[in-house]
Amino acid sequence: MRKFLVVLDDSRECLNAMRFAAMRAAKSGGGVKILSVIPPEEFNHWIGVGDIMREEARERIHAHFEVFAKWMRDRQGVNPELVIREGDAVPAILEEIESDPEIGILVLGAGTSNKGPGPLVTQMSKSAGSQPIPITIVPGDLSKERLELIT
């Protein structure tokens, strides 16, 4: 089965990327893998404090995932899987793509601010020509109705 890999983070544009991935998976008989990356700088504290912060980050990720997963299951009939990695986002994404041969498309949401599409889209698109899979960049300001039409 072909999977759409989508990144779960705290950005607004993440929502449209999730919607797009779920809608495309539902219409194409694919699956959705949600990747959340915990940055290493969150744990540069004493060992005990870092462990507590790491656990709190995982709990927060699971809570966000459950919201998206419920919507995907109820509205799209797609049961997503969650992967949590620690480290920098781009290497973590590439490692996940390499580790799962069923991942066929990376879906990223583009920010709408005048600062650009966001650091993840900027970094991944710089090396898009040498990536092993296509990257779909979903505009962050697309309406749900427009997303339904284009998926």
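Below, the figures for the structure above:
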quantity	calculated
Near pairs, Cβ below 8 angstrom, 6+ apart or cross-chain, from the range 72-86 (closer than 18 Å to ASN16 by Cβ) to any residue that is of a type in the set (Phe, Trp, Tyr) and crowded, with 17+ Cβ neighbours inside 10 Å	PRO80/PHE65; PRO80/PHE68
Close pairs from the range 109-136: first exposed (fewer than 11 other Cβ atoms within 10 Å of the Cβ), partner not polar (S, T, N, Q), Cβ under 6 Å, at least 6 apart	PRO134/ILE105
Residue ID - modelled with the lowest pLDDT, chosen from residues in the range 8-22 that are crowded, with 23+ Cβ neighbours inside 10 Å and under 8 Å from the mean Cα position of the chain (by Cα)	CYS14
Hits in the range 114-151 (condition: hydroxyl-bearing (Ser, Thr, Tyr) and not in a helix (DSSP H, G or I))	SER127, THR136, SER143, THR151
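The values are calculated or read from the model by the stated rules, or taken from the named source; none is laboratory data. Here the structure is a predicted model, which means the values were calculated and not measured. When we count neighbours, we look across all protein chains shown, and the Cβ atoms used for this are built from the backbone with ideal geometry, even at glycine.
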